[in-house]
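> Can you keep this structure in mind? I'll have questions shortly.
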Amino acid sequence: MRLDQGGHLTHGSPASMTSKAWRFVSYGVTARNDDPELPGEMIDFDNVRDLALEHRPKLIVAGATAYSRKIYPAPFREIADEVGALLMFDSAHVAGLIAGGSHPSPVPYADVVTFTTHKTLRGPRGGAIICRDEFAKKIDSAVFPGQQGGPLEHAIAAKAVAFKEASLSNFPAYTEQILKNAVAFGSALAKEGFRMVSGGTENHMVLVDLREFDAELTGKEAQEVLDRAGITTNRNTIPDDPRSPFVTSGLRLGTAAETTAGMKEQEFELVASLMAQALRSRTDDGALAGVRDEVAALCREFNPYASFTR
Ligand SMILES: Cc1ncc(COP(=O)(O)O)c(C=O)c1O
C-alpha cells in the first residue's frame, strides 16, 4: 500500500531499504466519496487485482499504518491465489485488536503474518513473525544469523508478558472499548468541523483531514500546537495529500493508550473539544495554557501508572 495512501515506509517506499532489496508495486485506496452510505478512501481491491495480474508478484503485502478501516484478509488471499503469489499480512497496528477478537484474523489466510508488539498489543518495542511451517526455517535463519546478532532477552520477556495479557479474558473488552472510543472521538471531531478520512473509523485510529477545519492549518503546525497544549498527535499525510510528508494536511490520532488509562467515550469527546479549542486559538498563549491545564487535570484523573505517582 503506497505510503501516501496509508501504507508503511517498510512496504517498499523509495526512502526505505526494503525498496532496494525488492521491487514493490504499490496499490492505493479508492477516491474520496462524501456519501456516508458509500464511503471512499478504502483499499481499492480492483486496483490490487489489476496490478497483481499485470506484475505477477511473488508476494502480496497487506497491512497499513495510517488507515482507519478493517483490513479483510480474504480478498487479498483470493487475489494472491489467482496470480500464484504468497500473502504476507503485516498486522503491526491491529495485532492487539485481532488478539482481542475485534478485527478479522489473517492467520487462516496469510502465509506469513508480521506484527509489532508495541501498538495495540500493548507490549515492548519490537516485532514478531508467524508463518506456515514450510517457511519457518527460512524465516528463522533470515532473522538469525541473517539480520540479527544477540537476542534482546529483556524484550523477549516483555513480549511474553504482552502475549499473556492479550490472552486473558479481559483483553477483548479492552479492544472493544478502544474501538468505541475511536468512534466517539471521531464523531466528536467531526462535530468540531474536522473531516475523518473515509468518513469514519473501525479501529484504534482516527485519521483527520484538517483542511475542512482550517484550510491554512497544516499537520505540522497542528501537531506542534497540540504538543504545546499537552496533546500528543502525529502529523500524517492523507490520501492524495497536496502537501509534503513533512508538512501534511492530516493528523493521526489513536485511542489505545488512553483506553488503557481508563478513558471512555465521554473523555474522548472532551479531548476532541480541547483539540479544537487549542487549534482555534493557536496564536493565543493564554488560551493554550488553559487547555494545557485541562489536559493535565484529565491525565491526573486517568493515570495508567497510578501506583507509581509521587
Ligand atoms: C504497518 C507497519 N509495519 C511495520 C511497522 C514497524 O516498522 P519498524 O520495524 O520500522 O518500526 C509499523 C510501524 O511502526 C507499521 O505501521
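The values are calculated or read from the model by the stated rules, or taken from the named source; none is laboratory data. Quick caveat: nothing in here was measured; it's all calculated off a predicted structure. Neighbour counts are summed over all protein chains in view; Cβ atoms, including those assigned to glycine, are modelled from backbone coordinates with ideal geometry. The protein model used for the area step is the full one, side chains on, heavy atoms only, and it has no ligands, DNA or RNA in it. Shrake-Rupley method; radii C 1.70, N 1.55, O 1.52, S 1.80 Å.
> Within segment 77-104, track down each residue that is under 17 Å from the mean Cα position of the chain (by Cα) and assigned to a helix (DSSP H, G or I).
Ala95, Gly96, Leu97, Ile98, Ala99
> Among the listed residues Lys137, Lys119, which satisfies the condition of being within 16 Å of the ligand (Cβ to nearest atom), open to solvent by 30 Å² or more (accessible area, probe 1.4 Å) and either at pLDDT 95 or above or under 18 Å from Arg69 (Cα atoms) (or both)?
Residue meeting the stated conditions: Lys119.
> Return the residue satisfying two criteria in turn: it lies in segment 80-103 and is under 11 Å from Gly63 (Cβ atoms) and open to solvent by less than 30 Å² (accessible area, probe 1.4 Å), and of such residues it is farthest from the ligand (Cβ to nearest atom).
Ranking the candidates gives Leu87 first.
> Looking for whichever is under 26 Å from Asp293 (Cα atoms) and under 16 Å from the mean Cα position of the chain (by Cα) here; the options are Gly186, Gly200, Gly230. Which one fits?
Going through Gly186, Gly200, Gly230 in turn, the sole match is Gly186.
> What pairs come out if I take residues in segment 78-105 that are at negative phi and free of Cβ contacts under 8 Å to residues at least 24 places away in the same chain and pair them with residues that are within 13 Å of the ligand (Cβ to nearest atom) and open to solvent by less than 40 Å² (accessible area, probe 1.4 Å) whose C-beta lies under 8 Å away, six or more apart or interchain?
That search, which allows pairs on different chains as well, returns Ile98/Ser91; Ile98/Pro106.
> Let me ask you something else. Residues that are in contact with a strand residue (DSSP E or B) (Cβ under 8 Å, 6 or more places away or on another chain): find the helices (runs of 4 or more DSSP H) completely inside segment 206-310 holding 3 or more of those.
219-228
> Does Pro73 fit the bill of being over 16 Å from Thr10 (Cα atoms), more than 16 Å from the ligand (Cβ to nearest atom) and either open to solvent by 50 Å² or more (accessible area, probe 1.4 Å) or without any contact (Cβ under 8 Å) to a residue 40 or more places away in the chain (or both)?
Judged against the criteria, Pro73 is not a match.
> Further, regarding this structure: When you scan segment 1-25, how many residues do you find that are within 13 Å of the ligand (Cβ to nearest atom) and either of a type in the set (Ser, Thr, Tyr) or part of a strand (DSSP E or B) (or both)?
Counting residues in segment 1-25 that are within 13 Å of the ligand (Cβ to nearest atom) and either of a type in the set (Ser, Thr, Tyr) or part of a strand (DSSP E or B) (or both) gives 4.
> Which of the residues belonging to segment 148-191 are surrounded by 16 or more Cβ atoms within 10 Å (Cβ to Cβ) and acidic (Asp, Glu)?
Glu165
> If I filter segment 251-269 for residues that are farther than 29 Å from Gly101 by Cα and open to solvent by less than 20 Å² (accessible area, probe 1.4 Å), do I get at least one hit?
No: zero hits.
> Before we move on, is Lys119 assigned to a helix (DSSP H, G or I) and of a type in the set (Lys, Arg)?
So Lys119 does not fit the description; no.
> Count, please, the residues in segment 3-36 that happen to be β-branched (Val, Ile, Thr) and either assigned by TED's automatic domain parsing to the domain that holds Asn234 or under 12 Å from Ala66 (Cβ atoms) (or both).
Count: 1.
> Residues in segment 122-134 that are in a loop (DSSP other than H, G, I, E, B), open to solvent by less than 40 Å² (accessible area, probe 1.4 Å) and within 12 Å of the ligand (Cβ to nearest atom): how many?
The number of residues fulfilling the criteria is 1.
> Quick one: what pairs do we get from segment 252-277, first residue among the aromatic types (Phe, Trp, Tyr), second modelled with pLDDT of 95 or more, C-beta under 7 Å, 6+ apart or different chains?
Pairs found: Phe268/Asn181; Phe268/Ala184; Phe268/Phe185; Phe268/Ala188; Phe268/Thr255.
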